[in-house]
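Please treat every number below as a calculation from the coordinates, not as lab data. Predicted, not measured: the structure shown is a model, and the values here were computed from it. Virtual Cβ from ideal backbone geometry, glycine too; neighbours counted across all protein chains shown.
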Amino acid sequence: MKLQQLTKKYMRRQFTILLILTFVLGLVPTNFSEAAGLATRLKGKILLQVESKGEAWYINPVNEKRYYLGRPADAFQVMRELGLGISNKDFDSFRGYAPSRLSGKILLKVEDSGKAYYVNPIDLKMHYLGKPADAFQIMRELGLGITNNDLGTILENGQIDTSNLKVLTNAEIIDQLKDSVVYVETSDGAGSGFVLESTGYILTNAHVVQGISTASVILSDNSTFNASVVGRDENIDLALLKINKSGIKKVVLGDSSGTKQGDEIFTLGYPFGIKGEVSFKEGTVSRTIKDSNKEYIETSADIHPGNSGGPLINRYGQVVGINTAVFGENVQGVSVGETIKLAIPINVAKNILDDLKNGRNIVNKVPIIDKKIEKPEPITCNGNISELAFVESGTYHLYDLYNLTQLDIFPGSNEMKIVGVVKNNNPTCRAYNIKAKVTVQGGTSTTQEETVILNKNSSALTNTKLILNPGNSGEYKLKINVFEMFIDNVYGLGSVIKKNLKTGVTANTQIVGADWLPVQ
């Protein structure tokens with residue numbers, strides 16, 4: 001009897017769920033003739049897969065992609081990633097109903113333990129999402145039914161629709177972007193920016209315009225306009241400028257959530273405040289960095305002072321980030337040695353663009369750049385490679401090509417490490433990017449030549465470029481892979497234990513180039 005009662009109760013519950021889903025399903029047409037506009041029509045809404053046990057999804061109104069809400073952990077992750085901070089004062093002023101610019105978004109009360117609210121795009125009413133029970137109640141009440149087929153036409157977070165995108169050549173990317181990248185100049189600094197809207201809105205870094213309300217913007221045709229700072233957020237390091245000019249060529253914004261490690265990317269901007277043609281550099285995505293407060297794209301493409309605020313571009317000519325910072329050793333603003341280059345993902349900017357347009361002004365915290373990038377003085381210093389001399393008349397030491405005690409030598413390879421000491425005899429200039437040509441010769445006609453940059457000699461597995469101040473000496477190391485014809489195998493106990501250069505083979509090192517900078 002008890003089993004029959006439980007069975008009837010279960011059947012009633014399933015029938016009730018079916019009725020609810022049938023009702024909400026009627027709110028969403030499932031036979032769309034054009035799938036392309038489906039995400040746009042459903043942005044900001046909660047969807048329930050009627051053919052998959054009511055699995056819940058949220059359509060982000062910013063990038064129109066779907067985010068899974070199935071488990072409490074998934075739902076809270078979406079809140080953390082996509083939630084917009086709001087003060088108690090602004091929240092209370094809404095009186096339960098948010099303005100249309102916040103339609104479909106998730107709000108977090110930053111002064112009230114981050115309590116979360118969902119803005120229903122139908123009537124703009126704000127619904128509390130604090131407890132799992134509250135969140136699932138909202139899903140049941142406001143969720144719209146959708147078939148698996150229709151849901152599949154909406155890109156999931158992290159996916160990129162490349163079906164209609166063309167992979168561009170470097171020349172095509174430059175041609176598409178060069179008229180949209182601008183030079184931003186202030187009384188004590190310079191940076192880059194890009195045209196966000198053809199009506200004159202320009203996005204840049206907050207540190208480029210820190211402490212000022214106006215700047216000068218120079219377009220690609222060298223025309224100059226006064227720009228007002230419409231909004232800024234120094235915590236995120238973004239600022240929105242406005243010039244009185246319409247019809248400017250704007251950029252195409254991409255989706256940074258689909259940017260993956262190893263993707264080709266490109267930077268455009270005006271390094272070192274040098275005007276003229278926009279500078280173009282290429283590289284790859286090294287990784288993405290996320291913590292509780294910040295998110296960045298690390299790239300191998302060059303970023304220097306003056307590049308700040310310029311666009312990070314993908315292979316399709318879309319902006320996926322805003323170049324913002326470089327960490328590492330620098331000389332007169334020039335990055336030398338190993339550096340980390342960071343860009344703000346464009347999706348972070350998308351989330352606050354409306355607020356920036358409406359005067360968002362957060363200046364109470366230090367941005368990622370701890371000082372404003374100042375316009376660099378012209379960097380000139382005359383040096384000559386004849387002023388770089390090998391100590392001890394150019395002698396050097398050859399390490400065994402097979403030596404297990406040297407961690408930067410690959411056992412069993414033909415890789416040779418050469419170390420020595422070089423001195424900078426220039427009285428005023430600092431030398432870096434010192435290039436040396438190694439010539440390995442055996443006999444009169446067989447020669448191998450390779451040009452490499454000198455690194456500091458250390459036991460570290462990573463290489464750091466050798467930098468020499470005026471009058472200083474430094475121990476260097478370099479590695480080359482020697483041709484097999486120059487190698488003798490040395491045997492011990494029946495096996496190869498190391499390799500040496502053959503008798504009569506010589507290896508000579510000659511300095512052939514260097515870059516020079518004045519000492520700070």
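For the range 140-215, what is the per residue volume of the convex hull drawn over the alpha-carbon atoms, in cubic angstrom? Present the calculation step by step, with values, prior to reporting the outcome.
On the way: hull volume 16.8 nm³, N = 76.
That works out to 221 Å³ per residue.
Within the range 210-248, whose backbone N sits under 18 Å from a point 7 Å along Cα→Cβ of Val363? Output list for this probe position: 210-216, 227-242. For the range 170-362, a/c is less than 1.5, where a ≥ b ≥ c are the root eigenvalues of the C-alpha gyration tensor. That puts it in the rounded class.
Length gained on full extension, Phe327 to Thr428: 33.8 nm, using 0.36 nm per residue less the C-alpha separation. By other beta-carbon atoms within 10 Å, ranking Lys131, Lys105, Lys479, Lys423 with the fewest at the front produces Lys131, Lys423, Lys479, Lys105. Taking Lys and Arg as +1 and Asp and Glu as -1, the other residues whose beta-carbon sits under 14 Å from that of Glu449 total +1.
Electrostatic tally near Leu142: other residues with Cβ closer than 15 Å to its Cβ, Lys and Arg +1, Asp and Glu -1, net +2.
Taking the fewest neighbouring Cβ atoms within 10 Å as the starting point, the ordered list for Met126, Met485 is Met485, Met126.
With a Förster radius of 35 Å applied to the C-beta separation of Ser228 and Phe136, the computed FRET efficiency comes to 0.15.
Under the classification rounded if a/c is under 1.5, otherwise prolate if a/b is larger than b/c and oblate if not, where does the range 209-316 fall, given a ≥ b ≥ c as square roots of the Cα gyration tensor eigenvalues?
Working: a/c = 1.87, a/b = 1.41, b/c = 1.33.
Cα axes put the range 209-316 in the prolate bin.
Between Val252 and Lys166, the simple label model (points 7 Å from Cα in the Cβ direction) yields a spacing of 0.9 nm.
Which FRET efficiency, nearest 0.05, do Asn382 and Gln159 yield, Cβ-Cβ r, R0 51 Å? Computed FRET efficiency for Asn382 and Gln159: 0.40.
When each of the peptides 42-51, 315-324 is scored by how many other beta carbons lie within 10 Å of its residues on average, the order from highest to lowest is 315-324, 42-51.
The range 64-97 and the range 129-201 have Cα centres separated by 18 Å. Sorted ascending by nearby beta carbons within 10 Å, beginning with the fewest, Ile385, Ile212 become Ile212, Ile385. Counting only Cβ charges, +1 for Lys and Arg and -1 for Asp and Glu, the dipole size of the range 178-321 around its Cα centre is about 240 debye. Beyond 26 Å in Cα-Cα separation lie the following of the pairs Lys281/Lys357; Lys166/Lys281; Lys45/Lys357; Lys65/Lys357; Lys341/Lys465; Lys479/Lys502: Lys281/Lys357.
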